[in-house]
1. Of the residues in segment 144-159, how many are in contact (Cβ under 8 Å) with a residue 24 or more places away in the chain and open to solvent by less than 50 Å² (accessible area, probe 1.4 Å)?
2. I'd like to verify a number: residues in segment 100-111 that are within 12 Å of Thr184 (Cβ to Cβ) and surrounded by 14 or more Cβ atoms within 10 Å (Cβ to Cβ), how many?
3. Which of the numbered conditions does Ser251 fail, given that it passes all the others? Conditions: (1) in a helix (DSSP H, G or I); (2) in contact with an Asp or Glu (Cβ under 8 Å, 6 or more places away or on another chain); (3) modelled with pLDDT under 95.
4. Of the conditions (1) closer than 17 Å to Thr183 by Cα; (2) surrounded by fewer than 20 Cβ atoms within 10 Å (Cβ to Cβ), Cys128 satisfies every one except a single condition; which number is it?
5. Being part of a loop (DSSP other than H, G, I, E, B), closer than 27 Å to Val37 by Cα and in contact (Cβ under 8 Å) with a residue 60 or more places away in the chain is the filter here, so list the residues in segment 161-192 that pass it.
Amino acid sequence: MICFLQKNKHYPSILQPVWDYLLQYHQAELRSPLFPVVISVSIYLLLVTLYTLLDILATSWPTLNRYKLHPDRPVTWDNIWTTLGLTVYNHLVYVFPAAVGQWLWRPPILLPREAPTLTGFLLGILGCTVVFDFQYYLWHLLHHRVPWLYCTFHAMHHQYLQPFSLVTQYLSAWELISVGFWTTVDPLLLQCHCLTTWGFMVFTICVSTEDHCGYDFPWSLHRLVPFGLWGGPPKHDAHHQMPGTNFAPSSPTGTGWGGPTWCLPSLPEIHLLRKV
């Protein structure tokens, strides 16, 4: 269905002028295997820089501080440097070599002349989000329920009980690779247009960064999506407070795939909570 909406020739796409411009002036950059990596890293750094500036200003700006989920617990410079250090390390040791490998061995991307329809573009992003949400729910639940997986791969992410934007990629290599793999593969499984693929990548980065930002703004996505269908920062903050809850990144309780999962933390989680 998504593929049909993207390729329907009877209705010119509202995105066609934008796609024509990109093909005419930036085709070489778009075809490069490095482009998805560059746009992902750039968007992430832009967002965490913005949120980090807000964290710094919030300590002396009461109007901003009142939107923090934990206004009495400011983000410290030690928090910033620690999480930033691991982020830089992961990108230099894992992301950069993977990007170079794609650049050396993957052929340039074939770009279609036609843009996706606006409906196909939006449905493609929605479909990929639903699939990714389900995949990460299963991965996340498994890594909380199996003590060895939790201690070895996921406990690092829970070192901070009150998340802030740089905690988004405060991850083990295995978790970073898993998330990156699904983000790359899901648009291929749904046969999405490359413009839809890039839109989905940007959307997931925006969502994951917002989930960890530590703010509850009036314009946050969970306040814009009706009927409480989106989790947002409050739900993910609750997951860091009570690690046995809210396993999916987007659904309102994180339990939409498998019924209620509210429970007491597991043994490694209790140990971690005591340690922190």
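1. The total comes to 4.
2. Here the count works out to 1.
3. (1)
4. Of the numbered conditions (1) closer than 17 Å to Thr183 by Cα; (2) surrounded by fewer than 20 Cβ atoms within 10 Å (Cβ to Cβ), the odd one out for Cys128 is (2).
5. Pro163, Phe164, Tyr170, Leu171, Leu190, Gln191, Cys192
Table: residues versus (1) over 25 Å from Thr119 (Cβ atoms); (2) open to solvent by 30 Å² or more (accessible area, probe 1.4 Å); (3) in a helix (DSSP H, G or I).
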residue	(1), (2), (3)
Pro33	yes, no, no
Val41	yes, yes, yes
Thr52	yes, no, yes
Leu64	yes, no, yes
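The values are calculated or read from the model by the stated rules, or taken from the named source; none is laboratory data. Note that the structure is predicted; figures quoted are calculated from it, not measured. No Cβ is skipped: glycine too gets one built from the backbone with ideal geometry, and neighbour counts run over all protein chains shown. These accessible areas exclude ligands, DNA and RNA; they are computed on the full protein's heavy atoms, side chains included. Shrake-Rupley method; radii C 1.70, N 1.55, O 1.52, S 1.80 Å.
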